[in-house]
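Here's the structure, in structure tokens; my notes come after.
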């Protein structure tokens, strides 16, 4: 049994079904309505950790292993879209990591160097040449690479739900799980028994008495503009549309949708680690508008829609996967900081069950060392512990 109908849960159910197992998937609301469907739709190996950060923290070999793992998630999503003709605003767009400052330019150079050393395609731009691909004078350079794309992740999840149902997977939406135990799940007042219970519920994992000190969330906000004209789009992207994120610690990001809208994402330290989900936050909307005016002063952009999103994180920004020692039929994944990570983790969890896969168990072990341990976390509070931990990971280079 799989609990969770986002990208990770659907990938897990798909992989289990491919093994010939009988699969039941339970989703609290509708498939894709949670973290997956509220995401930016960037499908890229980059997430909260660039390749150069992985190299810095674990060396070349480890970085390449982790990168190849998440690339497998990119290709799983792409393969599903193409094989099943899923209508989800699939837009092939290169990725661009953008330098906002001289310090950011050094990070961009590090990223380019890491990609070249590990054998990946990479194009480096300085403050002058970047203008050939991005119509903004306020940039200090960037690194661009191919093989990535964007989607409407909610529509992707809905499409995969239909594909899996048609293939024989039992999917129950609007089925709120209130209790789990060894081989047993209670949802909507009914008890369901299973040989294995696989939890793909991201940041809500602690609600099931699992990893309360190791899993938290970060909050971001997204907005989309009114449709842009051809002239506006070509001003922003003179060559071709790109998926862009910048080098700020709490970064901004943007891309074009298939209906010619600019999607923007941003947050702030005040809201990124807030315990409560915010809804409409005027100061973030103002920040987005100011960012767009600053980057593209000659291209008026009117923001029409705005929404918040939460993603689960660990304290070192790498995923968590394992089995509950006290309840051995229960396994879980969490901390999928991006759609590609979610797809790869869902499949990994299924393959751990089906073929005892374990090659990434050490990397994703919830008991691994973190910069801030549970004792200090109890003293300073969970939001502060995660904020400091992420600062250490991001800034220690």
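Couple of notes before you dig in:
Residues are listed down the side, and each one gets a yes or a no for (1) over 23 Å from residue 363 (Cα atoms); (2) crowded, with 20+ Cβ neighbours inside 10 Å:
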residue	(1), (2)
5	yes, yes
10	no, yes
50	no, yes
65	no, no
72	no, no
78	yes, no
82	yes, no
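- Wholly enclosed strands (runs of 3 or more DSSP E) of segment 300-348 bearing at least 3 residues within 22 Å of residue 155 (Cα to Cα): 303-313
- Selection count, segment 160-186, where residues are part of a helix (DSSP H, G or I) and more than 19 Å from the chain's Cα centre (by Cα): 7
- Complete set of residues in segment 118-133 that are farther than 16 Å from residue 44 by Cα and touching a helix residue (DSSP H, G or I) at 6+ places or on another chain (Cβ under 7 Å): 118, 124
- Condition check for residue 222: under 24 Å from the mean Cα position of the chain (by Cα), surrounded by 14 or more Cβ atoms within 10 Å (Cβ to Cβ) and in the same structural domain as residue 290 (by TED's automatic domain parsing): yes
- Flag for residue 246 being closer than 19 Å to residue 149 by Cα and within 22 Å of the chain's Cα centre (by Cα): yes
- Filter result for residue 132 (in the same structural domain as residue 237 (by TED's automatic domain parsing), at pLDDT 95 or above and under 22 Å from residue 260 (Cβ atoms)): yes
- Restricting attention to segment 262-285, the residues that are over 19 Å from the mean Cα position of the chain (by Cα), without any contact (Cβ under 8 Å) to a residue 40 or more places away in the chain and assigned to a loop (DSSP other than H, G, I, E, B) add up to 3.
- Hey, residue 198 within 19 Å of residue 346 (Cα to Cα) and either assigned to a helix (DSSP H, G or I) or within 26 Å of the chain's Cα centre (by Cα) (or both) or not: yes
- Entry remark, segment 92-126: residues being touching a residue at least 24 places away in the same chain (Cβ under 8 Å) and farther than 25 Å from residue 260 by Cβ number 20 in total.
The values are calculated or read from the model by the stated rules, or taken from the named source; none is laboratory data. Model, not experiment: these values are computed from the prediction. No Cβ is skipped: glycine too gets one built from the backbone with ideal geometry, and neighbour counts run over all protein chains shown.
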